[in-house]
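Here's the structure, in structure tokens; my notes come after.
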Amino acid sequence: MIVKSFVLKQRTLAKIASLCNESTVAVVRPGKKIEGLFRDAVRKTVVEKKQAFEEIVAIREHFCSMATGEDYLQKVDETVDTVATYLREAMYVQAATYAIEDYVLAKCSRLCALALYHQVGGTLLDGTQLMICRQDAHGNQHFDWAASKAQISARCTGVKGPIVIAGGYGMLDSGYVVRVGKDGAHMMASLIAAVLEAQSIEFHIEAPGVGGIPAMTYDEAAHYCASANAPFSSSAIWPAKNAGIPILVKNIEDENFEGTIISTGSSHKTGVIADKDLNLITVYGTGLLGRVGMSGGIFSCLAAAGVNVRFIAQTSSEYSISFAIQEAQKDCALEAIRSLFQDNPLLPLDDVVVLNQAVGIVTVFGSRMRNLPGTSGAVFSKLGAAGINIIASAQGGEELSISLVLNEADTDRAAQLLQ
């Protein structure tokens with residue numbers, strides 16, 4: 001058995017169908033164009049409080065043009081009618097836009113899976129019935145791994161022929177449909193492969209594998225895919241790593257590219273990735289010195305505010321903590337820190353919070369860095385010789401990566417120098 005993950009578009013449907021056979025489990029999610037139609041329908045209904053007539057017509061026409069057959073067209077009509085009715089009712093309901101969008105986009109994923117199922121036959125499954133999620137105290141959704149594994153095993157074990165699964169969305173125990181992280185279809189494919197003990201996993205994407213690198217270890221791929229520009233999230237790697245299943249990342253539109261193989265094998269080379277649109281916040285002052293729980297308090301309040309931290313550096317003097325966040329989350333992060341410190345006389349905000357805007361992060365990673373003296377020195381010397389200032393840095397204790405915070409204007413040049 002091979003588990004394959006696809007981003008389905010109208011022009012790639014025939015190609016994807018040709019890659020599915022009796023031993024395939026195909027996890028499907030929609031491409032950006034058709035997702036955009038569904039998002040437009042949600043925005044028009046929920047934000048503008050108008051009927052999404054044109055968008056619903058466009059959605060119906062899109063899927064009706066992907067295949068023929070009375071049964072298929074009837075199911076498309078039923079699903080689109082369900083979406084249209086849901087959106088009409090949503091105009092008069094006070095609900096978060098993201099919750100409405102998750103439900104509607106899950107239907108989009110279901111229609112994409114239906115189109116592929118109509119081409120290859122076999123068994124059609126809704127991923128929201130397989131991926132069981134829980135909500136924490138901060139409102140963040142997470143997989144319930146044990147419950148999800150039980151559902152996958154119950155619904156997929158022993159099933160004959162190709163299995164087509166609508167990917168990217170799960171369901172809370174309350175019945176609400178939720179998006180499963182960034183490109184959750186890939187993570188679902190990895191988890192399904194681990195549960196079913198698949199021979200291998202294939203991610204078919206519209207990029208030259210993972211950075212064009214022929215081979216990577218699981219840990220190297222996890223470092224690369226932590227970047228905002230990565231083709232999929234590093235969370236998609238862990239189920240495969242734990243089960244020892246290799247992942248082949250292929251370009252759906254380039255048959256000549258053999259892909260990137262992610263496994264326990266040797267890496268091809270040291271890699272470099274770069275992220276932009278970041279801010280660096282530094283908290284410092286004597287109030288942090290020897291203060292048990294200070295770091296925990298800072299990062300707990302950021303988590304409660306829904307702020308994702310991309311980089312952390314703390315001096316051994318305990319005098320400062322620096323962390324990088326997405327530019328769009330700057331105001332939310334600063335407000336969370338202010339709320340934490342407002343009643344603490346040891347931490348006057350004017351003195352202890354510094355914001356560096358427009359920064360980027362360059363990360364050098366690879367298993368060949370481990371136990372190799374001089375790697376860090378070579379990286380810093382090269383950038384210093386080029387006149388590039390390093391604002392902050394951090395190295396993982398596993399010796400697989402070095403991350404450098406730079407002015408955003410220097411990010412691309414630094415990445416090129418370190419390639």
How far is the Cα center of region 99-138 from the Cα center of region 170-222, in Å? 15 Å
Gain in length, A358 to D77, computed as 0.36 nm per residue apart minus the alpha-carbon separation, to one decimal in nm? 96.4 nm
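Carbon-plus-sulfur fraction of the accessible area of region 19-142, 1.4 Å probe, in percent?
Answer for region 19-142 is 50 percent, counting heavy atoms of protein chains only.
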When 1/r is averaged over all different Cα pairs and the result inverted, which Kirkwood radius in Å belongs to the chain? 23.5 Å
Can you tell me how much longer the chain between A146 and D254 gets when fully stretched, taken as 0.36 nm per residue apart minus their C-alpha distance, in nm with one decimal? 35.2 nm
Could you look at region 168-255 and say what percent of its accessible area is carbon and sulfur, using a 1.4 Å probe and all protein chains? 46 percent
In nm, spacing of pseudo-spin labels at D173 and A303 (7 Å Cα→C-beta vector): 1.9 nm
Note down the relative contact order for the chain as a percent, whole number, built from C-alpha pairs under 8 angstrom at least six residues apart. 13 percent
Given +1 on the Cβ of Lys and Arg, -1 on the Cβ of Asp and Glu, and no further charges, what dipole in debye does the chain carry about its Cα centre, rounded to the nearest 20? 380 debye
Can you list, bin by bin at 10 Å, the percent of alpha carbon pairs in region 173-250, starting at 0? 19, 53, 23, 5, 0
How far is it, in nm, from the label point at E398 to the one at A378 when both lie 7 Å from their Cα along the line to the Cβ? 2.1 nm
Picking from M66, M294, M369, which is most flexible by a Gaussian network model of the chain using Cα springs under 10 Å? M294
Quick check on region 18-177: take the gyration tensor over C-alpha atoms, sort the square-rooted eigenvalues as a ≥ b ≥ c, and tell me if it's rounded (a/c under 1.5), prolate or oblate. oblate
All lysines inside 22 Å of K50 as judged from Cα atoms, apart from same-chain residues fewer than 8 positions distant: K33, K107
May I ask you to give the solvent-accessible area per residue for the chain, in square angstrom, as obtained with a 1.4 angstrom probe? 46 Å²
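The values are calculated or read from the model by the stated rules, or taken from the named source; none is laboratory data. Since this is a predicted model, take the numbers as computed values, not measurements. Backbone-built Cβ (ideal geometry, glycine too); neighbour counts: all protein chains shown. Just the protein is used for accessible areas: all its heavy atoms, side chains included, with ligands, DNA and RNA removed. Shrake-Rupley method; radii C 1.70, N 1.55, O 1.52, S 1.80 Å.
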